[in-house]
Amino acid sequence: MRARGLAVEVLDGDEIRTNLSKGLGFSKEDRDTNIRRIGYVCRLLSRNGVAAISAAISPYREVRDEVRRLIEADGAAFVEVFVKCPIEVLAERDVKGLYKKALAGELKGFTGVSDPYEEPFAPEVVIESNLEAVEFSVTKILHELERRKLLGLERDNILSPEFLSAENYSAAGREA
């Protein structure tokens, strides 16, 4: 996106908790407050022509939908990308070891284990990170942004409809 001339800001969930939401815990109320804060920053950035990417776990559908309404009310686009992955795979990938602790009952209130994760009903993009190569997932997101005219069309093979075929999906899944 930056390579295409867009101003982009990524709001990382861990960084936000350290700098903007310090002192918040992991109760439903605190998680909702954290997501509302991230949504507010995304609204401010969007108002000023910056593409805001929220890279945070937002477990509750109601607050996600609330943030969507507020951002869209400002005239900005909201593209929900649901990154879907089985808990077992997340535990294997987790460098902090938090999923393994949660699955062992050592951590309470852990999203997707002992606390719910409410899947979105109709996300604009679904990424199946246990089946797709990163490049394929990125292509799906860029394709959606292009389809919505939020990003100029790129004239290369990676973004062609042929690349997004079921055959490449299966091949990408085997590589992931």
(request) Divide by every residue of the chain the summed helix terms, -39500 (n - 2.57) for each DSSP H run of at least 4, and state the resulting mean residue ellipticity at 222 nm, rounded to the nearest 500 deg cm²/dmol. (result) -13000 deg cm²/dmol
(message) At 7 Å along Cα-to-Cβ for each site, give me the label-to-label distance between Leu44 and Val10 in nm.
(response) 2.1
(message) Multiplying the sequence separation of Ser129 and Ser114 by 0.36 nm and subtracting their Cα-Cα distance, what value in nm do you get?
(response) 3.2 nm
(message) Over all directions, how big on average is the projection of the convex hull of the alpha-carbon atoms in the chain, in square nanometres?
(response) 11.0
(message) Given an 8 Å cut-off on Cα distances and at least 6 residues of separation, report the relative contact order of the range 1-78 as a percent.
(response) 36
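Under the definition of Cα pairs under 8 Å and six or more residues apart, what whole-number percent is the relative contact order of the chain?
Result for the chain is 19 percent.
In which sequence would Tyr99, Tyr40 go, from the one with the fewest C-beta neighbours within 10 Å to the one with the most?
Numbers: Tyr99 21, Tyr40 14.
Listed from fewest to most nearby Cβ atoms, that is Tyr40, Tyr99.
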(message) What three numbers, in Å, describe the spread of the alpha carbons of the range 1-78 along their principal axes, ordered from the longest?
(response) 39, 25, 16
(message) About the Cα centre, and with charges only on the beta carbon of Lys, Arg (+1) and Asp, Glu (-1), how big is the dipole of the chain? Nearest 20 debye, please.
(response) 540
(request) Any aspartates and glutamates with Cα under 16 Å of the Lys140 Cα? List them, leaving off those in the same chain fewer than 8 positions away. (result) Glu80, Glu124, Glu128, Glu132, Glu154, Asp156, Glu162, Glu167
(request) Quote the FRET efficiency, to the nearest 0.05, computed for Arg68 versus Thr18 with a Förster distance R0 of 25 Å and r equal to the Cβ-Cβ distance. (result) 0.50
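Here, each number is a calculation from the coordinates, and none is a lab measurement. Just so we're clear, the structure is a prediction, and the values are computed from it rather than from any experiment. Positions of Cβ are backbone-derived with ideal geometry, glycine not excepted, and every protein chain shown enters the neighbour counts.
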